[in-house]
Amino acid sequence: MGDQELIDETAWLEGEDVSINQIVEGRVIRIDNEFVVVDVGYKSEGLIPLSEWEPEIEEDPYGHDPEATEIEPLEVPEPEEPPKPGDIIRVLVEDVEDVAGRHDERGMLVLSKRKAERIEQWLGVMSDVNEGDVVSGTVIRKIKGGLLVDIGVNVFLPASQVDIRRPHDIGEYIGKEIQCMVLKIDEERRNIVVSRRSLIEQERASKKADLLKTLSIGDIRTGVVKNIADFGAFVDLGGIDGLLHITDMSWGRINHPSEMVKIEDELEVMVLHIDYEREKIALGLKQKSPSPWEKVPSTYPVGTRVKGHVVNVMSYGAFVKLEDGIEGLVHISEMSWTKRISHPSELVQVDDEVEVVVLGINQDKQEISLGMKQTQDNPWDKVADRYPPGADVEGRVRNLTNYGAFIEIEEGIDGLLHVSDMSWTRKVSHPSEVVEKGQLLKCKILSVDTERRRIALGMKQLDEDPWSSDIPNRYQPGDLVKGAVTKITNFGVFIGLEDGLEGLLHVSELSDQKIENPEEICKVGDEMEVKVLRVDIDERKIGLSRKRVDWAEEEAGGEGEPEAVTVGSASAAGSENLKGGIGSGDGPLFKSPTAEAPAAEVSAEASDDGAEASDASEEEK
């Protein structure tokens, strides 16, 4: 019969004759090399293997728990002294066959001293132990899934039932005397499962209720650290655990709670908050000492220059430790006057010592704004001296926008070259038409705004303004010139006279006939001969006429007053609105005719189209 088979207690005690599964007393008759021969009062002796007096390495009877991965063997005990002839021992009758397997009257009993001892131990324990009872015992061994505890017989303590929080190594309990609660008794397999955790939980529940009645916010209590997590430590106050959050451990910066506390440390903590409904307590360690922030305004007034160590670098700035518990933020915008910084790590690293200036303090939020660039002179304070208006500079195109190009004239100092300052005559829609990124350019300083940190640059100003003398000298009223159509609008046609220079051929000057749509008589690219009506230096515009080309010959032949006729014909009732050329001015190109000009010579067509010219003036610019 196997060792795990339960023997019926009543069968062991019934009858006077020796029977199988009965525990009886016997006298040792003799001992040979393998067996101990015992007389139990039966017609034949019984045999007990001599090995039952030697140390036994038991197999794990509790191997059903899947949580553990190893079995630690017992220390080998000292061998038991073998019996001597005449000794009285208690044995279990297992069978009546002999070693040769004969099943007749000549067979000898098969006996076991070891099994008899186990059964009697089990019966002794079972007479006093029931499920729910509290038992004491010594942890003797770590087995698969838990511990073996000797309470008179070996019982199983699962690893999950060792403590409220599973220990890192349950082997630390080996050799310790512990108390447990009996969870389950399996009489058939002679297994007992116990729990130390259940007993602790019962005790803690009672202590917790008493503790919550007496605990108050602000109390100073002593507790023991039972567990550590990334966000804090759990402290046992004697019946209930409180959370000591990492932010409440120190006024200074710590990266992990293990820097401040260790498991089983005894701490004196302050009760910060009590949630009676959820039975949760918040604890603090740093609150036992005054906050260093109370003295910050007096210790670090705004404008103070101080040294500190970089403790953290983020994308938006760097945190600098001024003293334990006091840190300030140097925003990325406060790191350099001129350098363009993509990330603070380009200038500082953790543990770097830096000099900073206190820019602002928010004591309620416990925040300090710091600046690094303020420890150095602001180069913009001297920009106006180094780059006075009118000075020539050389720089590299750093960036292009729709409205201009940014030119770096020294590290961190940019000037803006606006599209309107790129050419005297050419109408520039985008800076890429004139310059490219990375190009080295010469420019002239137009203005310096130190307060707004802006420098205006000009490229066209390097050359003389052609409108001051060159263009007026080369294009005079009455001149016949040729050009190609560059743009057609509803109010007229732009004629390219030379590179970058255009004149406006108003719709009223296209033909002697009234033209509703200029595209009826020309298209972009067409070359035509036109007459210069007027050159407006202030507005930087040239007015042209196509219909007056033939008039020039007639006027030259002879009726007289050609200029009065020419100007008057273009400047009748709508003369105040007639404009042409390029530029940004809003003034009229032609003014009202002189008083001497006969009213009869005023062009009717110009009068009819005056309103159209006025409406088109803004687009013309």
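The figures follow:
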item	result
Highest average packing first - 244-253, 506-515, Cβ atoms within 10 Å	506-515, 244-253
Over 29 Å between alpha carbons, listed pairs Lys208/Lys321; Lys262/Lys295; Lys43/Lys84; Lys382/Lys427	Lys208/Lys321; Lys262/Lys295; Lys382/Lys427
Taking all pairs of distinct alpha-carbon atoms in the stretch 265-409, Kirkwood radius in angstrom	19.0 Å
For Gly492, residues with placed amide H under 5 Å, excluding near neighbours	Val507
Measure of compaction for the stretch 219-274 (Cα Rg per 2.2 N^0.38 Å)	1.02
Taking the C-alpha atoms of the stretch 485-528, convex hull volume expressed per residue in Å³	64 Å³
Size of electric dipole in the stretch 446-520: Cβ of Lys, Arg +1 and of Asp, Glu -1, about Cα centre, debye, nearest 20	340 debye
Kirkwood Rh and Cα Rg combined as Rg over Rh, evaluated for the stretch 303-373	0.93
Distant-in-sequence amide H partners of Arg534 (H built 1.01 Å from N, under 5 Å)	Gly543
Average accessible surface area per residue within the stretch 190-241, 1.4 Å rolling probe, Å²	47 Å²
Long-range HN-HN contacts of Gln22 with modeled amide H, under 5 Å	Val93
Highest average packing first - 459-467, 527-535, 275-283, Cβ atoms within 10 Å	527-535, 459-467, 275-283
Residues in the stretch 226-263 that a label on His168 would reach, taking backbone N under 17 Å of a point 7 Å out along Cα→Cβ	226-235, 256-263
Taking N as its residue count, the alpha carbon Rg of the stretch 447-551 over 2.2 N^0.38 Å	1.34
P(r) histogram, all alpha-carbon pairs of the stretch 420-485 included - 10 Å bins from 0, percent	16, 35, 31, 13, 5, 0
Distance between modelled label sites at Glu34 and Ser429, nm, 7 Å Cα→Cβ extension	11.2 nm
5 Å binning of all Cα-Cα separations within the stretch 191-290, expressed as whole percents from 0 upward	3, 13, 23, 23, 17, 11, 5, 3, 2, 1, 0, 0
Protection proxy ranking of 115-121, 218-224 - average other beta-carbon atoms within 10 Å, highest first	115-121, 218-224
Average projected area [Cα convex hull, the stretch 377-420], square nanometres	3.6 nm²
Residues Asp463 and Glu529, FRET efficiency given R0 of 25 Å [Cβ-Cβ distance, rounded to 0.05]	0.25
Spin-label pair Lys321/Glu498, simplified geometry with 7 Å Cα→Cβ offset, distance in nm	7.2 nm
Mean shadow area of the stretch 163-248 over all directions, Cα convex hull, nm²	7.9 nm²
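The values are calculated or read from the model by the stated rules, or taken from the named source; none is laboratory data. Remember, predicted model here, so these are calculated numbers, not experimental data. Note that each Cβ is placed from the backbone with ideal geometry, even for glycine, and that neighbours are counted across all protein chains shown. Quick note on the areas: whole protein, heavy atoms, side chains included, nothing else; ligands and nucleic acids left out. Shrake-Rupley method; radii C 1.70, N 1.55, O 1.52, S 1.80 Å.
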